[in-house]
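Let me begin by presenting the structure, written as structure tokens, before commenting on it.
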Amino acid sequence: ATPTALMVGTARSAKMGVLIKNGEVLEEVGDLDTVVFDKTGTITVGKPQVTNIIGNQQQVLSVAASLEEDSEHPLAIAILKEASTQNITPVKVQNFKAIEGKGVTASYNGQVAFIGNDRLLEDNNISQEIVSQAAKLQAQAKTVVYVGLDKQILGLIAIQDAPKPSSKAAIAALKARGLKTVMLTGDNEKVAQAIAKEVGIDQVIAGVLPNEKADHIKKLQKGNHKVAFVGDGINDAPALSTADVGIAMGSGTDIAIDSGEIVLVQNDLRGVVRALDISKKTFNRIK
Ligand code: ADP
Ligand code: MG
């Protein structure tokens, strides 16, 4: 394409909220055969809400909120909001430690407290009897975090983050254009599958640790596949850079936006479809 055609293409997409940093990437967009999505904040709204608490509500929420007070994770924000609604004031904890992709531990009134997923329980040899109760909630697309003290589980909190209303249509449009769609998430397999089913995603890769996301992109690229990754988080930055086309949500963290070649200003996945269509128009016209 001529520089002018690329300028026309990028200007047209910018009008539709699809910011293309460098027009050259439009050609790569036309070659894509796979689009990989982060879950939280990308497919979903990214504003999770507490829906269920199993165990002594007061105690579970108090320990949970105290642990999450220094955490910036979307799940932490949901838990602190629920605690505040129920007039539960977090207490100061010591030795706060965020464990990437797993949860948080800290010292709470002199005992080791924890909040996190099954991998955190495994790492600490904590009995997983409660896990069967979690399965039902996870099948309803709810993320479950376990809360405990001194190696005992006090209970669990289920948190729901609904898909954006536009996600389903965007994924259908990508599939109609012959692209494969994949979800790549740190969340539990059952939750990921439930959300994938709601929005029509073809393939799920769940339970992925933050530092593993880019490796999964490389695997998907094998056999000369052209792969886009769409994400918003700090831990999405390496995958955004590794993908053939990195697409960041405008609502994302600065590092994600810096790592992406395209930014979806309206946080709407239909922007990926627009980029594809504009690429097609741009490159057809010149030929
Ligand atoms: P995603 O890829 O969906 O953005 P993350 O890698 O941030 O997910 O987190 C994966 C999982 O790790 C969460 O679903 C949760 O089970 C657990 N986790 C991470 N941080 C926290 C936290 N601050 N509190 C509780 N659980 C957490
Ligand atoms: Mg995210």
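No value in this document is a laboratory result; all are computed from the given coordinates. The shown structure was predicted, so the numbers you read here are calculated from the model rather than taken from an experiment. Note: ideal-geometry Cβ built from the backbone for every residue, glycine included; neighbour counts use all protein chains shown.
Using the Cβ-Cβ distance between Asn211 and Gln86 with R0 set to 35 Å, the FRET efficiency from 1/(1 + (r/R0)^6) comes to roughly 0.50. Here the Debye sum runs over all C-alpha atoms of the stretch 1-156 as equal scatterers in vacuum, and log10 of I(q)/I(0) at q = 0.20 Å⁻¹ comes out as -1.25. Ranking of Arg274, Arg177 by neighbouring Cβ atoms within 10 Å, starting from the fewest: Arg177, Arg274.
Treating the angle as unsigned and between 0 and 90°, give the value, to the nearest 10°, between the Cα long axis of helix 57-68 and the longest Cα principal axis of the chain. The two axes meet at around 60 degrees. Taking the Cα centre of the stretch 1-151 as reference, the dipole from Cβ charges on Lys and Arg (+1) and Asp and Glu (-1) amounts to some 500 debye. Under a 5 Å amide H cut-off, with hydrogens placed 1.01 Å from N, Leu179 pairs with nothing among residues at least 5 apart or on other chains. Taking the helices alone, the chain has a mean residue ellipticity at 222 nm of -12000 deg cm²/dmol, built from -39,500 (n - 2.57) per DSSP H run of at least 4 residues and averaged over all its residues. Which listed residue (Ile54, His216, Ala158) has the Cα farthest towards the positive end of the charge dipole for the chain, taking +1 on Lys and Arg C-beta and -1 on Asp and Glu C-beta about the Cα centre? Comparing the listed Cα positions along the dipole, His216 ranks first.
What FRET efficiency would be calculated for the residue pair Gln57, Ser107, taking the C-beta separation as r and a Förster radius of 22 Å, to the nearest 0.05? Once the sixth-power term is evaluated, E becomes 0.45.
Charges were assigned to the Cβ only: +1 to each Lys and Arg, -1 to each Asp and Glu. The resulting dipole of the chain about its Cα centre is roughly 1120 debye. Cβ crowding within 10 Å ranks Asp215, Asp161 as Asp215, Asp161, fewest other Cβ atoms first. In plain terms, the residue of Ser166, Ser127 with the fewest other Cβ atoms within 10 Å comes first and the most crowded comes last, giving Ser127, Ser166. Near Leu154, the amide H atoms lying under 5 Å from its own belong to Val147, Gly148, Leu149; only residues 5 or more places off or on other chains count, and H is placed 1.01 Å from N. Can you tell me the orientation of helix 167-176 relative to the chain, as the angle in degrees between its alpha-carbon axis and the longest Cα principal axis, to the nearest 10? Here the helix axis deviates by roughly 40 degrees.
Largest first, the extents of the alpha carbon coordinates of the chain on the three principal axes equal 70, 30, 29 Å.
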